[in-house]
Amino acid sequence: MENLLRKKGLRVTPFRVSVLEVFSRFKNAIDTAQIENELDNFDRITLYRTLKTFIESGLIHEIVMPGDIKKLALCKEECHHHEHEHNHQHLHFRCNECDEVFCLELKEFPSVKFPKFKIDRLEIQGTGVCGNCR
Ligand SMILES: [Zn+2]
Ligand SMILES: [Zn+2]
Ligand SMILES: [Zn+2]
């Protein structure tokens, strides 16, 4: 965990380490309520600030899906400050049975270009039934 923080140029603090450990305990994307459940004795403002820092430095990414579903997931190593590489090769899939949100790697991702637009973020989302629930 410490290495992960250092790699992204972040100062190592016990709290940051424990928040990162929460993410490593789950296989799929998690929401803030799940993070809060796993931490004891924390300050909510510090937690939100920590998550924001993690997002900005490419440690985790935010997933927003229809139905006001917001989740967070660990990034791949290639993600950098303000540049989330997985947006170019990533599918977010929500299972209708267990409500888990999965980060799925894609072999191919459509390249979309519009001359007059600067696209910062392009995402593919899907819903259905996951492998565990089928
Ligand atoms: Zn990322
Ligand atoms: Zn499922
Ligand atoms: Zn993802």
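Coordinate-derived values only; no laboratory data. Treat the numbers as computed from the prediction; the structure is a model and nothing was measured. No Cβ is skipped: glycine too gets one built from the backbone with ideal geometry, and neighbour counts run over all protein chains shown.
What share of the DSSP beta bridges in the chain is antiparallel, in percent to the nearest 5? Don't skip to the answer; put the middle values down first.
Working: 13 of 18 bridges.
Counting DSSP beta bridges with both partners in the chain, the antiparallel share is about 70 percent.
What is the fewest-to-most order of SER111, SER57, SER18 by other Cβ atoms lying within 10 Å of their Cβ? Could the numbers behind the result be given before it?
Working: SER111 7, SER57 18, SER18 15.
Arranged by neighbour count, lowest to highest, SER111, SER57, SER18 become SER111, SER18, SER57.
Taking the alpha-carbon centroid of each part, what is the distance from segment 28-57 to segment 111-134 in angstrom?
Cα centres, segment 28-57 to segment 111-134: 25 Å.
Ranking GLU38, GLU2 by Cβ neighbours within 10 Å, fewest first, what do you get? It would help to have the intermediate numbers written out before the result.
On the way: GLU38 16, GLU2 11.
Least crowded to most crowded, the residues run GLU2, GLU38.
Just check the chain against the gyration tensor rule for me: Cα atoms, a ≥ b ≥ c as the square roots of the eigenvalues, rounded for a/c under 1.5, and otherwise prolate or oblate depending on whether a/b exceeds b/c. Walk me through the numbers on the way to the answer.
Working: a/c = 1.97, a/b = 1.25, b/c = 1.57.
Note, shape of the chain comes out oblate.
For the chain, take the longest principal axis of its alpha carbons; what is the angle in degrees between that and the long axis of helix 44-56, to the nearest 10 within 0 to 90?
Once rounded, one gets 50 degrees.
Enter the angle in degrees (range 0 to 90, nearest 10) between the Cα long axis of helix 14-25 and the first principal axis of the Cα atoms of the chain, meaning the one along which they spread out most.
Tilt of helix 14-25: around 40 degrees.
For each pair in LYS7/LYS118; LYS76/LYS116; LYS27/LYS70, compute the distance between the two Cα atoms and list the pairs where it is over 18 Å.
Among LYS7/LYS118; LYS76/LYS116; LYS27/LYS70, the Cα-Cα distance tops 18 Å for LYS7/LYS118; LYS76/LYS116.
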